[in-house]
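A quick write-up on the structure given underneath.
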Amino acid sequence: MSPSPFLHRPSRRTLLRSTAALGALTALGGTAACGSPASLAGGGNRIQFWNLFSGGDGANMRAMLERFRDEHPGIEVEDTTLAWGDRYYTKLAMAGAGGRAPDVGVLHLGRLAGFAPGRLLDPLDTDLLRENGVLQEDFNPTLWERATIDGQLYGLPLDIHPSVLYYNRPACETAGLLDGDGRLIPIEGTEAFFAALDAVREVIGQSPLGWNALMPGECWWTFVGLYAQTGGTILDDGGTEITLDDDRAEEVLAFMARLVADEYAIPGQDLVGYLVNGGGFIFFGNWLVVDFATAGIEFGATPYPTLFGQPATQAESHLLVLPHQGGRGGTADEAAHTLISWLVRNSISWAEASHVPAYLPVLEDPAYLAMEPQSEYRGAMDIAAFDPPAWFCGTSSRVQTDVGVHLSAAAMGSVTPAEGVAAIRSALTELLGTRNPFGEGSAS
């Protein structure tokens with residue numbers, strides 16, 4: 001499950017405690033108590049599936065697993081939902097390090113590069129995927145490539161979950177911002193966006209944008225999406241060199257700061273309550289769709305408007321992975337591939353939880369195209385801006401805290417955009433010089 005908009009990101013102290021726990025496991029070696037092979041790894045056609053889905057998407061996943069069990073009575077799936085965030089990743093890493101991991105797990109794409117593929121994760125067998133009807137050409141090429149390391153596929157993409165622009169349909173209609181189909185008209189350029197915000201402010205009589213500049217993680221997501229629109233990159237393809245363009249980054253930070261300085265966005269707002277109580281727009285992840293639909297709000301959701309030149313919107317992806325097991329193979333491994341293939345091919349049900357299915361045939365399914373507002377932001381798949389490929393990036397990661405805090409400071413006006421960019425460079429330099437607590441991968 002993606003995080004609540006009100007939860008704090010893990011602190012540096014929390015990460016250090018997690019790192020210490022992992023170090024203790026390494027020191028203990030094979031005696032570490034992550035559960036015995038018999039209790040963790042599946043046997044025969046019994047497989048264990050660890051995930052971090054709770055709330056709305058957790059209910060959808062449980063329903064999908066029940067359908068899988070009904071259709072595959074010969075495969076026993078034991079699913080376990082663990083606490084979201086860094087604790088989940090530490091537990092998954094500890095299990096993989098001991099070779100006594102569950103048969104299937106969930107991993108965010110942004111965490112893949114730092115999760116020691118080949119040591120903490122086993123590669124997927126693309127022949128087994130093919131036997132189960134899953135082919136590479138059925139996925140967005142960029143998404144598939146990001147899940148591939150050293151020529152081997154280490155995660156089967158289940159979805160992307162993008163940052164979107166939610167909008168109050170009645171307010172935007174009154175402001176003249178909807179097209180004939182009742183959807184938000186394209187907005188291009190920062191001045192056009194500010195004009196749209198001004199028009200909605202006149203209608204609703206309050207700040208027109210829900211966006212919390214006090215949250216480092218939210219600021220990181222916003223920066224990743226908008227900075228990608230400038231055509232710039234943050235790190236090189238290897239995740240080892242800073243490629244940040246200072247001028248472009250400063251321009252984006254100046255935009256973020258104006259949102260707060262001109263009171264377009266009021267920091268600290270309850271985002272769900274904001275829209276429920278007549279707010280105009282919201283910058284946040286797609287998973288709030290469930291909350292707004294439950295509240296009965298008339299709303300839409302689109303990828304980020306193109307404010308800085310080229311279309312892009314921040315996104316993450318849930319991958320279905322094979323945590324490392326000693327001697328992985330046999331019928332349990334075949335059953336694991338059957339499960340992950342089925343989940344991807346049947347992800348029309350997952351789309352109901354608001355995520356954009358990664359399996360391209362589902363994006364053309366008439367049932368998906370009829371979903372509102374899910375189908376409205378399906379184009380995010382082609383313009384997704386992911387975190388840089390470095391160990392400290394991804395969901396609930398160091399980059400969200402160590403870099404995000406400087407983005408937040410710039411957005412709040414505590415530092416100038418130029419000072420913010422300098423601080424970002426400094427934080428990235430420190431992270432690049434810090435050892436990955438999960439160790440290095442090995443494609444053996």
All conditions in (1) part of a helix (DSSP H, G or I); (2) touching a residue at least 60 places away in the same chain (Cβ under 8 Å); (3) of a type outside the set (A, V, I, L, M, F, W, C); (4) farther than 25 Å from residue 149 by Cβ are true of residue 372 except (1)
Just a yes or no: is a residue in the range 276-295 at negative phi, out of contact with any helix residue (DSSP H, G or I) (no Cβ under 6 Å at 6 or more places or on another chain) and charged (D, E, K, R)? no
Hey, among the residues in the range 39-83 that are buried (at least 20 other Cβ atoms within 10 Å of the Cβ) and assigned to a loop (DSSP other than H, G, I, E, B), which one's modelled with the highest pLDDT? 75
Looking only at residues that are farther than 30 Å from residue 152 by Cβ and acidic (Asp, Glu) in the range 403-444, which one is surrounded by the fewest Cβ atoms within 10 Å (Cβ to Cβ)? 430
Options 177, 128: the member that is within 23 Å of residue 379 (Cβ to Cβ) and among the hydrophobic types (A, V, I, L, M, F, W, C): 177
Where the second residue is assigned to a strand (DSSP E or B) and the first is of a type in the set (Asp, Glu) and lies in the range 136-164, which pairs have Cβ atoms under 6 Å and are six or more apart or on separate chains? 159/318; 159/356; 159/357
Conditions: (1) closer than 19 Å to residue 219 by Cα; (2) assigned to a helix (DSSP H, G or I). Residue 336 meets all but one. Number of the miss? (1)
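Filter the range 188-230 down to the residues that are part of a loop (DSSP other than H, G, I, E, B) and among the aliphatic types (A, V, I, L, M) and list them by number.
213, 214, 215, listed by residue number.
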Name the single residue that is farthest from residue 280 (Cα to Cα) among those in the range 158-200 being open to solvent by less than 20 Å² (accessible area, probe 1.4 Å) and hydroxyl-bearing (Ser, Thr, Tyr). 163
Do you know which of the residues in the range 94-134 that are in a loop (DSSP other than H, G, I, E, B) and small (Gly, Ala, Ser) is modelled with the highest pLDDT? 133
Could you tell me whether any residue of the range 387-399 is touching a helix residue (DSSP H, G or I) at 6+ places or on another chain (Cβ under 9 Å), loosely packed, with under 15 Cβ neighbours inside 10 Å, modelled with pLDDT of 95 or more and over 21 Å from residue 96 (Cβ atoms)? no
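Table: residues versus (1) out of contact with any Leu (no Cβ under 8 Å at 6 or more places or on another chain); (2) buried (at least 19 other Cβ atoms within 10 Å of the Cβ); (3) under 30 Å from residue 120 (Cβ atoms).
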| residue | (1), (2), (3) |
| --- | --- |
| 244 | no, no, yes |
| 253 | no, yes, no |
| 270 | yes, no, no |
| 274 | yes, yes, no |
| 277 | yes, no, no |
| 293 | yes, no, no |
| 298 | yes, no, no |
| 307 | no, yes, no |
| 315 | yes, yes, yes |
Across the range 278-308, which residue is nearest to residue 193 (Cα to Cα) among those that are over 17 Å from the mean Cα position of the chain (by Cα) and in a helix (DSSP H, G or I)? 292
Can you say whether residue 345 is under 26 Å from residue 65 (Cα atoms), among the basic types (Lys, Arg) and open to solvent by 20 Å² or more (accessible area, probe 1.4 Å), as far as the supplied structure shows? yes
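Using the structure shown, decide if residue 353 is aliphatic (A, V, I, L, M), under 23 Å from residue 306 (Cα atoms) and either out of contact with any Pro (no Cβ under 9 Å at 6 or more places or on another chain) or modelled with pLDDT of 95 or more (or both).
No.
The values are calculated or read from the model by the stated rules, or taken from the named source; none is laboratory data. Predicted, not measured: the structure shown is a model, and the values here were computed from it. Note: ideal-geometry Cβ built from the backbone for every residue, glycine included; neighbour counts use all protein chains shown. Note: areas computed on protein heavy atoms with side chains; ligands, DNA, RNA excluded. Shrake-Rupley method; radii C 1.70, N 1.55, O 1.52, S 1.80 Å.
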